[in-house]
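Worksheet for the structure shown next.
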Amino acid sequence: MTARTVLAVSSQVVYGPVGNSAAVPGLQSLGLTVMALPTVILSNHPGHGAPVRVPLAAADLAALLDRVLDGGWADGLAGVLTGYFIDADQVAAVAERIGRVRETVPDVIIVCDPILGDDHTGLYVPSAVAEAVRERLVPLADVIAPNRFELSWLAGREVTNADDAIAAARSLAPALTLATSVAGDDGLVTMAISRDSVAQVETRRRAHVPQGTGDLLSALFLGHLVKGAAPGAALAAAMARLEAVLDASEGRPALDLTALTVSPQEPA
């Protein structure tokens, strides 16, 4: 297998790219090959109305991943991205198999996007799912990509500003945290926080941001790490692409991913 292949495990939607439907195009726009596994198939994000749901049972996820692992198709895998889960059994099944990937490919980059909740609704997954992500996936990850609410929940401490985000991130096991939606001086700050360094990009607050921006950013950040960028450079490059997509999506109900085909001027 090429060393530019990523396994992405999250939701898949028919309309309005979120979950893998946003992450996969983001990774592909960077020239990466993606093996995508849906935890649930949705007609649409709930923000567009009540969706039709087709869930995958934990046993089915396990069987699909076992076939991939047993077939040798994950040998040499460069990255793993996990996102939305609908039950704790799914989390356990995926975590066990990611552990097997780590044993086979020690330098694989594992990113956990802990899709648990936000400032508007609090936790929007069952508490058992949130706890399973915290206990099973976060300790496996090299990188976590929480929003401000999720970082606060995972760390068990208040996060209201950049200093709080740094302290919360460094209290958790992963070596690197991509923290989003942190209040800045004039806008929102996105931060790449390691044990000994911090990089950040401040962007303006937008009146409306379509769902899926976090999924896309996590994928772009992982993609640049896989391609060898340092965390600060990966953050700057990922944010440049995300901002181009958000500009193209202005006034639209869903992300316009066609902007990914036009490479922005990215930092070296």
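Could you tell me which numbered condition Ala88 fails, if it satisfies all but one of (1) within 21 Å of Val143 (Cα to Cα); (2) of a type outside the set (Phe, Trp, Tyr); (3) touching a strand residue (DSSP E or B) at 6+ places or on another chain (Cβ under 9 Å)? So Ala88 meets the others, but not (3).
Among the residues of region 183-194 satisfying the criterion of being among the aliphatic types (A, V, I, L, M) and open to solvent by 10 Å² or more (accessible area, probe 1.4 Å), which is modelled with the highest pLDDT? Talk me through it step by step, then tell me what you get.
Within region 183-194, the subset among the aliphatic types (A, V, I, L, M) is 183, 188-189, 191-193.
Those left that are additionally open to solvent by 10 Å² or more (accessible area, probe 1.4 Å): 183, 188.
On the way: Ala183: 93, Leu188: 96.
If we take residues in region 183-194 being among the aliphatic types (A, V, I, L, M) and open to solvent by 10 Å² or more (accessible area, probe 1.4 Å), then Leu188 is modelled with the highest pLDDT.
Within region 50-63, residues that are at negative phi reach partners that are among the charged types (D, E, K, R) and open to solvent by less than 70 Å² (accessible area, probe 1.4 Å) with beta carbons closer than 9 Å, at six or more positions or on different chains, in the pairs Pro55/Asp87; Ala57/Asp87; Ala58/Asp87; Leu61/Arg97; Ala62/Arg97. Is it the case that some residue within region 166-182 is in a helix (DSSP H, G or I), touching a residue at least 12 places away in the same chain (Cβ under 8 Å), out of contact with any helix residue (DSSP H, G or I) (no Cβ under 6 Å at 6 or more places or on another chain) and surrounded by 20 or more Cβ atoms within 10 Å (Cβ to Cβ)? Within region 166-182, one or more residues are in a helix (DSSP H, G or I), touching a residue at least 12 places away in the same chain (Cβ under 8 Å), out of contact with any helix residue (DSSP H, G or I) (no Cβ under 6 Å at 6 or more places or on another chain) and surrounded by 20 or more Cβ atoms within 10 Å (Cβ to Cβ).
Highlighted here are the strands (runs of 3 or more DSSP E) found entirely within region 26-142 that include at least 2 residues which are over 29 Å from Ala244 (Cβ atoms): 53-55.
With Leu37, Leu69 as the choices, which residue is under 25 Å from Leu178 (Cα atoms), free of Cβ contacts under 8 Å to residues at least 40 places away in the same chain and touching a Ser or Thr at 6+ places or on another chain (Cβ under 9 Å)? Talk me through it step by step, then tell me what you get.
Numbers: Leu69 fails: under 25 Å from Leu178 (Cα atoms).
That would be Leu37, the only listed residue that is under 25 Å from Leu178 (Cα atoms), free of Cβ contacts under 8 Å to residues at least 40 places away in the same chain and touching a Ser or Thr at 6+ places or on another chain (Cβ under 9 Å).
All told, Ala244 meets the bar of being in a helix (DSSP H, G or I) and at pLDDT 95 or above. Exactly one residue among Ala58, Ala50, Ala22, Ala62 is open to solvent by 40 Å² or more (accessible area, probe 1.4 Å) and more than 19 Å from Gly228 (Cα to Cα), and that residue is Ala50.
The values are calculated or read from the model by the stated rules, or taken from the named source; none is laboratory data. No experiment lies behind these values; they were computed from the predicted model shown. Positions of Cβ are generated from backbone atoms using ideal geometry, with glycine treated the same way; all protein chains shown enter the neighbour counts. These accessible areas exclude ligands, DNA and RNA; they are computed on the full protein's heavy atoms, side chains included. Shrake-Rupley method; radii C 1.70, N 1.55, O 1.52, S 1.80 Å.
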